[in-house]
Amino acid sequence: MQTPDPGSQVLIVEDDPALREVYADALLGEGYAVSLAANGSEALDVLSAGPDLPCAVLLDLRMPVMSGWELADRLQKSEQWNTLPIVVVAAHYLVADEAQRIGAKAWLQKPVRLDRLLATVRDLCPEPSAGPSAAN
Amino acid sequence: MAEPNAGWTGSAGELALVVQEIADGITVQDLSGQICYANLAAAQSMGFPSVEALIGTPQAELLARFEVLDASGRPLSADELPVRRAVRGDPSPESLIRFRVRSTGEERWSLVRPKVVRAADGSPRFVVSAFRDVTTLRATEQRLTLLADAGEILTRSADYQETLNELANLVVRELADWCVVDVIEEGSGVQRVAVAHRDPEKLAEAQEVQRRWPSRPGADDATGRVLRTGEPLLIPLITDEQIREAATDPEHAEYLFRLGLRSVVIEPLNARGRVLGVLTLVRSDADRAFNEAELPLLRELAVRAATSVDTARLLHETTEAVRARDDFLAVASHDMRTPLAAILGYLQLALRRLRPADPASDVKLNEYLRAAERMTERLTHLVTELMDVSLLQSGQPLAIDRQPVDLGDLASRMVEVHGRLSAAHTFTCDGDSRVVAYADVGRLERVLDNLLSNAIKFSPNGGEIRVTVTSTGTHGRLSVTDAGLGIPAADLPGIFERFRRGSNVGPVTGTGLGLAGSREVMQQMGGDIEVESVEGEGSTFTVVIPLAEAPAPLP
């Protein structure tokens, strides 16, 4: 068991609880810290609670309460959060266009292979100091 | 031998007979305009039973019988009449004029050619006018122009409310004082989609009538009858009594009187055996009542209007159906992808947990999980393909996900899968190794899958299917060669068109992307598909894929 590295924290914004679990397990297994939000509004709450900013935001688009599009718009307009790297992970059939439209750093279309998800996060986040761990 | 020239002697008597009998009207008028001579055709065209009756009528009385108009319908003053102009020395006094017989309302068109006959000293003596009745000719011309204009209007837009309003405006310029078009709308009954009136003030009143006393669907009024029977209705003259009967209340009747409801034709809008609505034309002047002879033209107009409504509706229905299909696919794709993503994710998490430990008991479990993962990915590809077909058909771009991919590895993997599907074919894989292209792996697999399935399908007698990987330096090339039916040279140029298939193959079923879709997918990846084939020897389909991250343009 290891302590996740707060500097390598990934914010997962996904309304499907199973997918939240899958992404979280995979990231925790690699030594990343994760915070979870079921929609855009919860994501804003998580960010406001701080103290550390995530190194990447995995963002679904179609979500109840506050969609990924709206959250991206809010982040864009905020001085504090407008540089947060967003990775769109969505089932949307025009996911590439949508990701570009909201200024995301990368996009992945569901269903996504975990190795690709991890590779994308690796590109954006500092290496977790504790190193990868498969058995968390 | 018969007497030549029918006994013609050229005598003055014979010439008088010629003038009397000629089919064109001939009149001689003195300089004051009084008719001194007329032939039979002239008398008849002015509504007189005999020449004597015409000549015996004083000029003032004669003029009072007619309203003379120019071709555009403007009344002509006495000074503007062709004969007067000729007397004044106008070098080309011939004119096309319209005259309306005041007593009957009948309107005739006439081409009038006056000629001043002068005395030896050059002073005018009298005027000889020849005139030809061109009413029929004019009517035909008008009819053709009107139909051409109507045709142009009705094809201008797919919005039939807009085009029918323009048609109604055309009708009130040319044919009637008031024109309305009612269309049966599904769910909401009879809708008045167009109203036009020659007099803009009355247009407002006509709309007011429609607003306050709307047409009642299924009503047993004239419109209802035409809608029900699909047969046109002509009421040449409507009596005040009939208006009172048709009106809902006295105020309604008052409005109808003011609008001038005197003569009416209701034509059904029939298309493909259904009555879509009615075209109603009204004249407010009893002198210009509709008659049977006008019906064929109105019929033609109604047919054109009906076709336009029908076409617009078909177009709308088709567009809606395509939209509904796209919406369904988008939602279905999304709804299928989310659970697929979870299944795939859990399988991969499980596989990751198995990886470090390697006890023998986990070998089978690992195998099962891998198989489940492969099947999930296959299902994912099917969902993607389903969506791609829809996107390509509606001309939308695909979300291309490029990654480096070793073409040799991909080829061996695909050949292995297809090798298991057909025992009749020998599969070989050769060419350059380490050709790494930059492509959307899932879609490239679908394209290759398609080409390999085609190779099997179109070589029914078995034989070798060879997959070759080469590189041009900028592009990887992946060729699938079969020894099958081949494609006739004439069919080759169209082989990538949608719904095309070689003429030498029967009704082989095929779904999914097909060749056209596969090529479009490759082109969106910065690549292409090429084909070479000899009928009877086999075909080679080559997938071209960019090697670099920024795809170089194809030569």
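Values in this text are rule-based calculations from the coordinates and carry no lab data. What you see is a predicted model, and the numbers here were worked out from it, not measured in a lab. Note that each Cβ is placed from the backbone with ideal geometry, even for glycine, and that neighbours are counted across all protein chains shown.
Here are a few things to note about the model shown:
- Size of electric dipole in the protein assembly as shown: Cβ of Lys, Arg +1 and of Asp, Glu -1, about Cα centre, debye, nearest 20: 580 debye
- Maximal additional length on extending the B:SER32-B:VAL363 stretch stands at 106.8 nm, based on 0.36 nm per residue less the C-alpha distance.
- In the range B:403-546, the alpha-carbon atoms span a convex hull of 101 Å³ per residue.
- Note on B:VAL322/B:SER188: beta-carbon distance plugged into 1/(1 + (r/R0)^6) with R0 of 35 Å gives a FRET efficiency of 0.90.
- Peptides A:84-95, B:242-253, B:407-418, B:371-382 ordered by average Cβ neighbours within 10 Å, highest first: A:84-95, B:407-418, B:371-382, B:242-253
- Calculation over all alpha carbon pairs of the range B:338-435 in 10 angstrom steps from 0 returns a P(r) of 12, 27, 38, 21, 3, 0 percent.
- Residue among B:SER77, B:LEU170, B:VAL190 farthest towards the positive dipole end of the protein assembly as shown, charges placed on Cβ: B:SER77
- FRET efficiency, B:ASP409 to B:LEU314 (Cβ-Cβ, R0 41 Å, nearest 0.05): 0.20
- Paramagnetic reach from B:GLU106 in the range B:44-64 [backbone N under 14 Å; point 7 Å along Cα→Cβ]: B:44-50
- Distance in nm between pseudo-label sites at A:ASP97 and B:LEU63 (7 Å out along the Cβ direction from Cα): 7.5 nm
- In plain terms, the bigger the Kirkwood radius, the slower the diffusion; for chain A, with that radius from Cα pairs, at 37 °C and 0.692 mPa s, Stokes-Einstein puts D at 224 µm²/s.
- At R0 = 30 Å, FRET efficiency that the Cβ-Cβ distance of B:PHE257 and B:LEU144 yields, to 0.05: 0.25
- For B:GLU205, the shell of other residues with beta-carbons less than 11 Å away shows a net charge of 0, using +1 for Lys and Arg and -1 for Asp and Glu.
- For q = 0.06, 0.13 Å⁻¹, Debye-computed log10 I/I(0) when each Cα of chain B counts as one equal scatterer: -0.63, -1.23
- Global geometry of the range B:317-393, whether rounded, prolate or oblate, following the gyration tensor of its Cα atoms and the 1.5 cut on a/c: prolate
- Part-to-part distance (alpha-carbon centres) for the range B:8-74 and the range B:121-162, which is given in Å: 24 Å
- Counting only DSSP beta bridges with both residues in the protein assembly as shown, the antiparallel share comes to about 75 percent.
- Positive-pole candidate from B:VAL309, B:PHE290, B:ILE238, dipole of the range B:190-335, charges at beta carbon: B:VAL309
- Cα-based Rg and Dmax for the range B:139-310, where Dmax is the largest Cα-Cα distance (Å): 15.0, 43
- Restricting the calculation to Cα atoms, the protein assembly as shown yields a radius of gyration followed by a Dmax of 42.6, 137 Å.
- Overall Cα dimensions of the range B:1-88, principal axis frame, Å, largest first: 58, 24, 24
- In the protein assembly as shown, a dipole from Cβ-located charges (positive for Lys and Arg, negative for Asp and Glu) runs towards its positive end, and of B:VAL331, A:ALA49, B:SER394 it is B:SER394 whose Cα lies farthest in that direction.
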